[in-house]
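Any read-out appearing in this document is the output of simple, stated calculations on the displayed coordinates, not a laboratory observation. The model shown is predicted, which means the values in this text are computed figures rather than measured ones. Don't worry about glycine lacking a Cβ; one is built from the backbone with ideal geometry, like all the others, and counts go over all protein chains shown.
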Amino acid sequence: MRYPFTGLLLAFLCLWTGVSTAADRSPAIVLVDYAPAFEVSSDMAVWLEPGRQATIDQVIKSPAKFIELSPDAQQEMRDSNTLWMRLRIRRPVASQQVWTLNIPLPFIDSVVLYQPDKNGSWTAQSAGNQLPQAMWSKHSLYPEFDLNLQTGRDQDIYLQVRNFKNLNIPLRFAPALQRDAQRLAEFAALGVILGSLMSLALLSLIRFAEHRNRADLLACAYGLSISLTIAAMNGVTGALLGSNTLFWSSYAQTALPPFTMGLALLLLRDLYAISTRHRRHDIVLVYTGCAAMASTLSLLLLDRALAHLIITVVTLFAACIGLIGSQLSWRFRSSVGRWLFASYVLQFLAVLRLIAESWGLVPCWWEFRYITSLAIAMSVPLLLYALSRATHDRKELAVRANHLPNQDALTGLLTREAFMQQYEAAYQRVINDGEPVAVVLISVINHDHIRQAFGDTTAEQCLLRAVIKLQRVLRDVDPAGRVDGNRFGLLLEGVADKDALNQRMVQLIASGLIPIPGLAPEVTLQFQVACVLVHHNPVTPERLIAELDGLLQDMSPRTRRPIRFLEAPPTHPVVPSLNPHTL
């Protein structure tokens, strides 16, 4: 122990050499023939260069700068730095299968793969948003490279990664044939989603051309915007737009989400009139939607990272406002409230997940991109269904308002005057063209008894049930009207004989004997029917109701013949006049 400091120095040198050797000799990734695709899960050597000047030769000569990190580790990426990754690959002797390396992140700015060739030189393959697709090593949705490595020994490959925001980088190795099948499945799934969204957008445009409703035009714009958003998120637009895609690929994935969210808020305002109950929230919703759409301009005016932060905050606030608005719609029992709420919950969860990944709160799992795309896509049919329900309800109210003078307020059938106008037109066709027409007068003979026993409310419900049973024996084109308190008239065109008409009326009478559900004790409807075949007995409009009503009054309440036909009055042969000259 005469030289203690010498021993400590030797121990330190041995420890430093051992650590350096261990870092330099990280375990190799073995690519075995016929092995399935896999994602790197073990630690790998990385170096975060503070600038962007280092070349591959300089990186190779600085192995001590690399440290071992998990692939799930979030990397502090900026516009001014570069991430270098080193992977040690081994292909067994006599290995024949071709392998590929892909990074399933369509939004990454730039990735360059450096690998040695047979002569020891370094070859480069490039991909990323900051490069046009014509310069990519492989035409794909996201960076993908072919591995051309020698067999029988370990070889290092290097990845140069640049991006303007934080991310963790998943690395997937796959055999070439298996990767082709994966790529085809991805294109097929995205094609189905985008094709469905484009079809829904086209349907909204057709509805706008027919109804001239602004909500349909907003729905069309929203469907197109969602389609572009999903296409940009998954790299479809970059792969399809050709070589000059630098501006689009750089800004589309950041600009489209707030623009789409702004359209969603404006569409929500048209689907549910929040201003009728919450005037202030309606104002906030409008301004938030417009601000979300206008926030995309910050990409042209500010630094990219700062603009991305502003857009992220505005998009999150817009998603919260939309969720609150849809919840208010559901709370106040809007007919489309639950569909709106379901749609905006999906949008809110998708936006929340994307923002959490952007801020580094959760790992960037590439699988969630497909789940997020599907969730966003599902919001479109939900909103369009809500729009169709709202449009149908409004149109139905408008139709009912326009037909109110001609319709009975309780049953919705024609009034007596409107029914007689229909009969007058049919009567003229019978006289002029001989068309077969039948008229039926139906009486609910136990209506007064139901009113006395159960009250006016139950009696009105029974009349409504009677109308439902009448519509089952009618075609859509056959007019029906309420001609008295408990009597209904039917105009059946094309009925030529008694047997066909009698069969329908037997079906009606039998359905009336089925007890009405929900009433205790059981209540049935007793129908009596008076019919006339107008083409056999052309009763004038002035006498029609009176003669059929007289036929009903002649029936006993307990008659076994509840269906009667109005026959033509008998005629006598004309007696020939006598010629006095023949006497």
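Here the contact order of segment 33-189, divided by its residue count and restricted to Cα pairs under 8 Å and six or more residues apart, works out to 34 percent. Couplings 3J(HN,Hα) for segment 125-135, derived from phi with the Karplus relation 6.51 cos²θ - 1.76 cosθ + 1.60 (θ = phi - 60°), are 10, 10, 6, x, 5, 7, 10, x, 4, 5, 9 Hz, where x marks Gly and Pro. In summary, the lysines within cross-link reach of residue 498, defined as a Cα separation below 21 angstrom excluding same-chain residues under 8 places away, comprise 469.
Remark: spin-label model distance residue 352-residue 543 equals 7.7 nm, labels positioned 7 Å along the Cα→Cβ axis. Taking the centroid of alpha carbons for each part, segment 105-122 and segment 30-96 are 11 Å apart. Within the same chain, lysines fewer than 8 places from residue 65 are excluded, and of the rest, those with a Cα less than 24 Å from its Cα are 165.
Treating r as the C-beta distance of residue 506 and residue 280 and R0 as 41 Å, the FRET efficiency rounds to 0.10.
Once fully extended, how much extra length lies between residue 78 and residue 514, figured as 0.36 nm per residue of separation less the alpha-carbon to alpha-carbon distance?
Values: separation 436, 0.36 × 436 = 156.96 nm, distance 7.64 nm.
Computed gain between residue 78 and residue 514 is 149.3 nm.
The mean sequence separation of alpha-carbon pairs under 8 Å and at least six residues apart, normalised by the residue count of segment 116-232, gives a relative contact order of 15 percent. If a/c stays under 1.5 just call it rounded; otherwise compare a/b with b/c (prolate if a/b is bigger, oblate if not). Do that for the chain, with a ≥ b ≥ c from the square roots of the Cα gyration tensor eigenvalues. Prolate, since a/c reaches 1.5 and a/b exceeds b/c.
Say R0 is 41 Å: what FRET efficiency, to the nearest 0.05, do residue 498 and residue 206 get from their beta-carbon distance?
Values: r = 47 Å, r/R0 = 1.14.
About 0.30, to the nearest 0.05.
Extension gain for the segment residue 291 to residue 449, taken as residue separation times 0.36 nm less the Cα-Cα distance, is 50.4 nm to one decimal.
Taking 25 Å as the straight-line reach from the Cα of residue 61, the lysines in range (excluding those fewer than 8 positions away in the same chain) are 118.
Sorting the segments 302-310, 315-323 by their mean number of nearby beta carbons within 10 angstrom, highest to lowest, gives 315-323, 302-310. Stretched out straight at 0.36 nm per residue, the stretch from residue 361 to residue 301 would grow longer than its current Cα-Cα span by 18.8 nm.
The alpha carbon convex hull volume per residue for segment 192-244 rounds to 77 Å³. Once the C-beta distance of residue 70 and residue 199 is scaled by a Förster radius of 56 Å, the resulting FRET efficiency is 0.85 to the nearest 0.05.
With the simple model of a label 7 Å out from the Cα in the direction of the Cβ, residue 309 to residue 166 spans 1.2 nm. Volume of the convex hull of segment 64-212 (Cα atoms only), normalised per residue: 162 Å³.
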